[in-house]
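Written out below as structure tokens is the structure these notes cover.
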Amino acid sequence: MTDAYDSRPGTLEHIARVAELMDDFAALLRARAQRHDASKLSDPERSVFDEYTPKLKDSTYGSDEYKGYLAGMGEGLTSHYAHNRHHPEHFENGVDDMGLVDIIEMLMDWKAATERHDNGDLERSIRLNTDRFSLTPQLARILANTAAESGWSK
């Protein structure tokens with residue numbers, strides 16, 4: 001007769017390793033949170049955002065007026081996208097070139113942006129951005145599920 005296999009030691013090792021990897025990933029998120037949008041604090045971005053943030057706040061996300069303001073932001077917005085990888089515009093292939101940390105920061109950015117508008121709506125933003133950035137249905141659903149799990153859905 002052989003000793004019965006006990007899976008508990010291996011399972012405990014696995015649990016500890018997954019926890020270690022998740023802690024490492026959380027550290028990446030914390031580092032990204034600490035430097036989020038820091039490029040807006042100096043020119044060429046600051047002066048453009050000083051002018052356009054109040055205009056954007058009073059516009060409806062995705063409207064022609066909103067799109068016109070983005071176009072008017074010119075070099076400041078171009079610089080912002082170049083320095084901040086949580087924007088699909090940062091990458092040649094948009095969202096397809098982003099990593100999971102980028103995607104998480106992008107969703108948090110969308111959520112925070114909706115809170116700056118009287119008519120902000122994360123679900124609507126996800127729908128509009130699905131078209132704007134050619135998100136796959138699967139990714140759009142994951143973003144919507146994450147918003148719901150976070151308690152951000154209506």
I'd like the residue in region 80-96 that is over 13 Å from the mean Cα position of the chain (by Cα) and of a type in the set (Asp, Glu) and, out of all such residues, is surrounded by the fewest Cβ atoms within 10 Å (Cβ to Cβ).
92
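Among what's in region 111-120 and is without any contact (Cβ under 8 Å) to a residue 24 or more places away in the chain and farther than 17 Å from residue 41 by Cβ, pick the residue that is surrounded by the fewest Cβ atoms within 10 Å (Cβ to Cβ).
Just the residues of region 111-120 that are without any contact (Cβ under 8 Å) to a residue 24 or more places away in the chain, to begin with: 112, 115, 118.
Right, trim to farther than 17 Å from residue 41 by Cβ and you get 115, 118.
Numbers: 115: 9, 118: 7.
Top of the filtered list is 118.
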Enumerate the pairs (first residue in region 5-16 and hydroxyl-bearing (Ser, Thr, Tyr); second residue anywhere and open to solvent by 100 Å² or more (accessible area, probe 1.4 Å) and in a helix (DSSP H, G or I)) with beta-carbon separation below 7 Å, excluding pairs fewer than 6 apart on the same chain, so at least 6 apart or on different chains.
none
Filter result for the condition that a residue is modelled with pLDDT of 95 or more, in a loop (DSSP other than H, G, I, E, B), out of contact with any strand residue (DSSP E or B) (no Cβ under 7 Å at 6 or more places or on another chain) and over 30 Å from residue 26 (Cβ atoms), over 131, 43
43
If you go through region 60-73 one residue at a time, do you hit one that is part of a loop (DSSP other than H, G, I, E, B), open to solvent by 70 Å² or more (accessible area, probe 1.4 Å) and either touching an Asp or Glu at 6+ places or on another chain (Cβ under 7 Å) or within 21 Å of residue 137 (Cα to Cα) (or both)?
no
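The values are calculated or read from the model by the stated rules, or taken from the named source; none is laboratory data. Keep in mind that what you see is a predicted model, and the values were worked out from it rather than measured. Note that each Cβ is placed from the backbone with ideal geometry, even for glycine, and that neighbours are counted across all protein chains shown. The accessibility values were calculated without ligands, DNA or RNA, using every heavy atom of the protein model including side chains. Shrake-Rupley method; radii C 1.70, N 1.55, O 1.52, S 1.80 Å.
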